[in-house]
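One structure is given here, and the rest of the page talks about it.
The values are calculated or read from the model by the stated rules, or taken from the named source; none is laboratory data. These numbers were taken from a predicted model, which means no experiment stands behind them. Here the Cβ positions follow ideal geometry from the backbone for every residue, glycine too, while neighbour counts run over all protein chains shown. Accessible surface areas use protein heavy atoms only, side chains included; no ligands, DNA or RNA. Shrake-Rupley method; radii C 1.70, N 1.55, O 1.52, S 1.80 Å.
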Amino acid sequence: MKISIFKIGGSILSSKNSYINISSYIKDYLEENDENLFIVVSAIKGATDLLIDYCDKGNEDSLKKFVILYEQISSSFDNKNLINEIKERIDKLMKITNEANVNIALKDYIVSYGEKLSKIIMKYALNYNDIDVETLDADKIIITNNNYGDASIDLIETKKALDKIKINKKVFLIEGFIGRSYDNNVTTLGRGGSDYTASSLAYLLNAEKLYLVTDVPGIFSSDPKIVKNPKIVKRLSFEEAIEASKYKVKGINYKTFYPLLKTNVNVYVGMPNNYNTLINNNTYYNGYAKLIGYKENGIDKLVGLIGEGMNKEYIINKVNEMLKNKYDELIIDKNDTRPSLSIYIKNYNFYELLNSIHDKFIGDYK
């Protein structure tokens, strides 16, 4: 039977209704498609940041906000079993935070609680919609190295753990973002780590489709908070997506697409029933850029134009014409071995620059 992977992003998880709505969508999908599903669930929106703030700064208020967030959502289901299960997990978390000093390994364990509690709620939401689901524990199946906070998945060892699972049900539910180290401790995979969990599962399970479910209809050509006229990027190759991660595009974890480089997996990015970005091993050339990302470090700015088949010489000439009288320091790197072009610049009017480059060099899509 075919296997598809759904990664449910934290950006769409914020209330009882959000969990119920996504589980209703899963139910409709199952009715239309005869497939096994693996659902990778993220923490509730903002939950991980609260735990990180507690671990890094000792902010007790952040820990309290985290607890209240999950208690309120679980209570809204009016299900005693769910409420008790969440309470038991939270009590365990509070005991640990009260008794131990936070080191790097313990930080990962604490930060993992956002996904662990979210999985419990998602299970009850799926049951609410009459979906039979088998839960899996990521910290027993996803084997990683010992790089706490930004661990890499050991695909060989994780495959051995997956092979022990009998895929005899239609729906499996597992946390994203979490693994277990060679030292037998909980690890986390870094920002955007749930995508990385999902892509690794897609590779190891020979899935045909991976859906990255989020709160926007696809990947934008640049940051819509800065660029006035962003477009939806309809098609990307895995190489382009990897390059985009280096310029902080949509919070893509830099490890996400490496497992898929030699596969035929189709990755769909967007909202439920509204996926407008397709990422796979094919590409579409238009001579221009598809994405523009950026990094900032004080007054130092780095703008990255991304797209296989860009006419880099043309773009470089046009950039020089646009900027030669406006900026004191301008360095352009063609990145000959990569599908990108980098512009290093020092200037206070960075947002105007980004909009100008976007309007000039983002190509149209068919």
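Report whether or not Asn168 is open to solvent by 10 Å² or more (accessible area, probe 1.4 Å), of a type outside the set (Asp, Glu) and at pLDDT 95 or above. Spelling it out, it is not the case that Asn168 is open to solvent by 10 Å² or more (accessible area, probe 1.4 Å), of a type outside the set (Asp, Glu) and at pLDDT 95 or above.
Taking the condition of being in contact (Cβ under 8 Å) with a residue 60 or more places away in the chain, among the small types (Gly, Ala, Ser) and either within 16 Å of Val67 (Cα to Cα) or in contact with a Leu (Cβ under 8 Å, 6 or more places away or on another chain) (or both), how many residues in region 79-114 meet it?
Counting residues in region 79-114 that are in contact (Cβ under 8 Å) with a residue 60 or more places away in the chain, among the small types (Gly, Ala, Ser) and either within 16 Å of Val67 (Cα to Cα) or in contact with a Leu (Cβ under 8 Å, 6 or more places away or on another chain) (or both) gives 2.
Scan region 184-197 residue by residue and report those that are in a loop (DSSP other than H, G, I, E, B), on the phi < 0 side of the Ramachandran plot and either aromatic (Phe, Trp, Tyr) or modelled with pLDDT of 95 or more (or both).
Those that are in a loop (DSSP other than H, G, I, E, B), on the phi < 0 side of the Ramachandran plot and either aromatic (Phe, Trp, Tyr) or modelled with pLDDT of 95 or more (or both): Asn185, Leu189.
Looking only at region 182-192, how many residues end up being under 20 Å from Leu136 (Cβ atoms) and in contact (Cβ under 8 Å) with a residue 60 or more places away in the chain? The total comes to 5.
Taking (1) open to solvent by 50 Å² or more (accessible area, probe 1.4 Å); (2) at pLDDT below 85; (3) not β-branched (Val, Ile, Thr) in turn, Asn276 satisfies each apart from (2). Answer yes if at least one residue in region 33-52 is within 26 Å of Lys170 (Cβ to Cβ), surrounded by 11 or more Cβ atoms within 10 Å (Cβ to Cβ) and over 25 Å from the mean Cα position of the chain (by Cα), and no otherwise. Checking region 33-52: not a single residue is within 26 Å of Lys170 (Cβ to Cβ), surrounded by 11 or more Cβ atoms within 10 Å (Cβ to Cβ) and over 25 Å from the mean Cα position of the chain (by Cα).
Residues checked against (1) buried (at least 23 other Cβ atoms within 10 Å of the Cβ); (2) under 26 Å from Glu85 (Cα atoms); (3) charged (D, E, K, R):
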{"residue": "Leu117", "(1), (2), (3)": "yes, yes, no"}
{"residue": "Ala125", "(1), (2), (3)": "yes, yes, no"}
{"residue": "Leu136", "(1), (2), (3)": "no, yes, no"}
{"residue": "Pro224", "(1), (2), (3)": "no, no, no"}
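Remark: pairs (first residue in region 293-309, closer than 25 Å to Leu236 by Cα and outside any strand (DSSP E or B); second residue at pLDDT below 85 and open to solvent by 30 Å² or more (accessible area, probe 1.4 Å); Cβ separation under 7 Å; 6+ apart in sequence or on different chains) = Glu308/Thr283; Glu308/Tyr285; Gly309/Tyr285. Filtering region 1-32 down to residues that are aromatic (Phe, Trp, Tyr) and closer than 22 Å to Val265 by Cα, which residue is least open to solvent (accessible area, probe 1.4 Å)? Here the residue is Phe6. For region 62-72, the condition holds for no residue, the condition being that it is part of a loop (DSSP other than H, G, I, E, B), in contact with a helix residue (DSSP H, G or I) (Cβ under 7 Å, 6 or more places away or on another chain), at negative phi and polar (S, T, N, Q).
Within region 144-154, the presence of a residue that is without any contact (Cβ under 8 Å) to a residue 60 or more places away in the chain and in a helix (DSSP H, G or I) is excluded. No other residue among Asn84, Asn101, Asn146 is more than 23 Å from Ser18 (Cα to Cα), open to solvent by 70 Å² or more (accessible area, probe 1.4 Å) and of a type in the set (S, T, N, Q) apart from Asn101. Taking region 285-309 as the range and being closer than 23 Å to Leu260 by Cα, buried (at least 18 other Cβ atoms within 10 Å of the Cβ) and more than 22 Å from the chain's Cα centre (by Cα) as the test, only Ala289 passes. The strands (runs of 3 or more DSSP E) falling completely within region 221-280 that include 2 or more residues that are under 18 Å from Gly192 (Cβ atoms) and of a type outside the set (D, E, K, R) map to 266-271, 274-280. Ala207 meets all of the listed conditions (1) over 24 Å from Ala151 (Cβ atoms); (2) at pLDDT 95 or above; (3) small (Gly, Ala, Ser); (4) crowded, with 23+ Cβ neighbours inside 10 Å but one, namely (1).
Across region 127-143, the number of residues qualifying as under 21 Å from the mean Cα position of the chain (by Cα) and either modelled with pLDDT under 95 or part of a loop (DSSP other than H, G, I, E, B) (or both) comes to 2.
Residues in region 330-361 that are free of Cβ contacts under 8 Å to residues at least 24 places away in the same chain, charged (D, E, K, R) and in contact with a Leu (Cβ under 9 Å, 6 or more places away or on another chain): Asp333, Lys334. Residues in region 314-335 that are part of a loop (DSSP other than H, G, I, E, B) and at pLDDT 85 or above: Lys334 alone. Here is a check on your reading of the model: is Tyr113 within 17 Å of Ile39 (Cβ to Cβ) and aromatic (Phe, Trp, Tyr)? Against the criterion (within 17 Å of Ile39 (Cβ to Cβ) and aromatic (Phe, Trp, Tyr)), Tyr113 does not qualify.
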